[in-house]
Every structure is written in structure tokens, then in C-alpha cells.
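The values are calculated or read from the model by the stated rules, or taken from the named source; none is laboratory data. This is a predicted model, so every value here is computed, not measured. Note that we place each Cβ from the backbone using ideal geometry, even for glycine, and neighbour counts take in every protein chain shown. Note: accessible area is taken over every heavy atom of the protein model, side chains too, but ligands, DNA and RNA are not part of it. Shrake-Rupley method; radii C 1.70, N 1.55, O 1.52, S 1.80 Å.
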Amino acid sequence: PGDRAVGFSSRGPVIVDGSQRLKPDLVAPGVDIRSAVIGGYAPLPGTSMAGPHVAGAVALLWSAEPDLRGDVDRTRAILVDTAEPLTVDADCGDGLEAVCGCGGDGPDSVPNQVYGWGQLDVWAAVQQVLGE
């Protein structure tokens, strides 16, 4: 719903390996995304809907700046640097609309364990690589 994390979204930190790494790095739209299904199209939710947004952003970046092709570290840095910062709610009472932080997030924390560095902004990323 808008720029809000949906309830089924995973949040960090990474605990399985004990690293406490920040996750996610950034977020992309993943709710009610028009998707191809057998017999037509349907709005679908999930990471499998957000992933193509990021893949498309990488394709656009690499098309705009061919020297980036294959440079995953630099590409990631550009996407993170140009993400639109999103923060968690200060008051995480019983409100269903609240997006509560975790892993020590405060209401102004960027990055945070819900949105990472923020929401993917491919236009800002392309502008950055084109030097605009």
C-alpha cells in the first residue's frame, strides 16, 4: 500500500548466520503488481513482484552507462545511494497501518531493518550515472 511495507514482508537483521547484517538493502513495489498468469493478467504480491523492478532498474542503468555492465558492486552502490529514504513509525502501538522498526531502528533511522536505504528510484539512479 503506497510506500508502506506490507505485513508479509521480511525484516532484518540477518540472524541465521549471527552477522546481524542490515536487510533489506532497499525495497521495490511488491503489492498488486500486474503480472502475467495463465489466461491473462492478475495483480499479485510478493518478492517475486519486487525483484523484476530491481532487475529492470539494473538493465536501464547498464543501458545508460555501458561501463557499469557486470560491475555489481558499483551498480548496487548507485541503487542504494539514489534510493528514496523511508523511515519506520515512532509509535508502533496497535495501529494496523504502523510500520514498526526492528533491530534497534528508530523513527529517523536510515538505513533501517524494514526499508534498508529506501525505495528504489530508478530515475534518480539513471540521472546519477548520466551526470545530470
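Annotations
- The range 82-120 - residue that is closer than 18 Å to residue 29 by Cα and open to solvent by 50 Å² or more (accessible area, probe 1.4 Å) and, of those, modelled with the lowest pLDDT: 97
- Top-ranked residue in the range 35-50 [being more than 26 Å from residue 82 (Cβ to Cβ) and touching a strand residue (DSSP E or B) at 6+ places or on another chain (Cβ under 7 Å); ranked as most open to solvent (accessible area, probe 1.4 Å)]: 41
- Any chance residue 77 is more than 18 Å from residue 4 (Cα to Cα) and either open to solvent by less than 30 Å² (accessible area, probe 1.4 Å) or of a type in the set (Gly, Ala, Ser) (or both): yes
- Within the range 25-80, considering residues that are under 13 Å from the mean Cα position of the chain (by Cα), assigned to a loop (DSSP other than H, G, I, E, B) and not aliphatic (A, V, I, L, M), the one modelled with the highest pLDDT: 25
- When each of 67, 32, 17 is tested for being open to solvent by 80 Å² or more (accessible area, probe 1.4 Å), touching a Leu at 6+ places or on another chain (Cβ under 8 Å) and of a type outside the set (Lys, Arg), the lone residue that passes is 32.
- Of all residue pairs spaced 6 or more apart or on separate chains, those with beta-carbon atoms under 8 Å, a first member in the range 1-27 that is closer than 17 Å to residue 44 by Cα and a second member that is acidic (Asp, Glu) and at pLDDT below 85 are 4/97.
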